[in-house]
Amino acid sequence: MRSELVSSPVPYSKAEAHYQKGDSTIELVITDSGFQPIVVEPIMMFLAPGYDEQSGGTHRKAVAVNGSPGSESWSARSRRGEVTALVGNRFIVAGTGLDVGNLDGVRAAVRAVNFGRLAGLR
């Protein structure tokens, strides 16, 4: 586990956890944007309903994650996947799987976060 507070160019904080099983790794990162648009804007395009892109063997699409806007990406070639959700227009919950067979474990890690509790934080 690791956490950090960034103060420039805008304040935000994040916490990271890494899980490993054999050669597979899942990294879970929760970022508190502090409602700073500059922190959430880079992911907004991928969260738009209907977003679907296939490029270079990677498929990325918008999905709902625990009722929040989210996205998933998967590359079978590199065995790398990502699941991201924006919770309460403030928190970015992102899971990245490296050397994984599919997105199931990454989805489970992100969905295990209590989105209701995060959204209720002040």
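The values are calculated or read from the model by the stated rules, or taken from the named source; none is laboratory data. In this text the structure is predicted, and so the values were computed from the model without any measurement. Side chains included, ligands, DNA and RNA excluded: accessible areas come from the protein's heavy atoms. Shrake-Rupley method; radii C 1.70, N 1.55, O 1.52, S 1.80 Å.
Structure notes:
- Surface calculation, 1.4 Å probe, protein heavy atoms: Arg2 sits at approximately 130 Å² accessible.
- Stretchable slack from Glu53 to Ser7, in nm (0.36 nm times residue separation minus alpha-carbon distance): 13.2 nm
- Average accessible surface area per residue within the chain, 1.4 Å rolling probe, Å²: 58
- CD proxy at 222 nm, helix term only [per DSSP H run n ≥ 4: -39500 (n - 2.57); per residue of the chain; nearest 500]: -5500 deg cm²/dmol
- Rel. contact order, % - alpha carbon contacts under 8 angstrom, at least six apart, the chain: 20
- The accessible surface of the stretch 21-122, taken with every protein chain in place and a 1.4 Å probe, is 52 percent carbon and sulfur.
- Relative to the 2.2 N^0.38 Å rule of thumb, the chain has a C-alpha radius of gyration ratio of 1.04.
- Spatial offset of the stretch 86-113 relative to the stretch 7-85 amounts to 7 Å, using the alpha carbon center of each.
- Helix 37-47 axis versus longest C-alpha principal axis of the chain: approximately 30°, rounded to the nearest ten.
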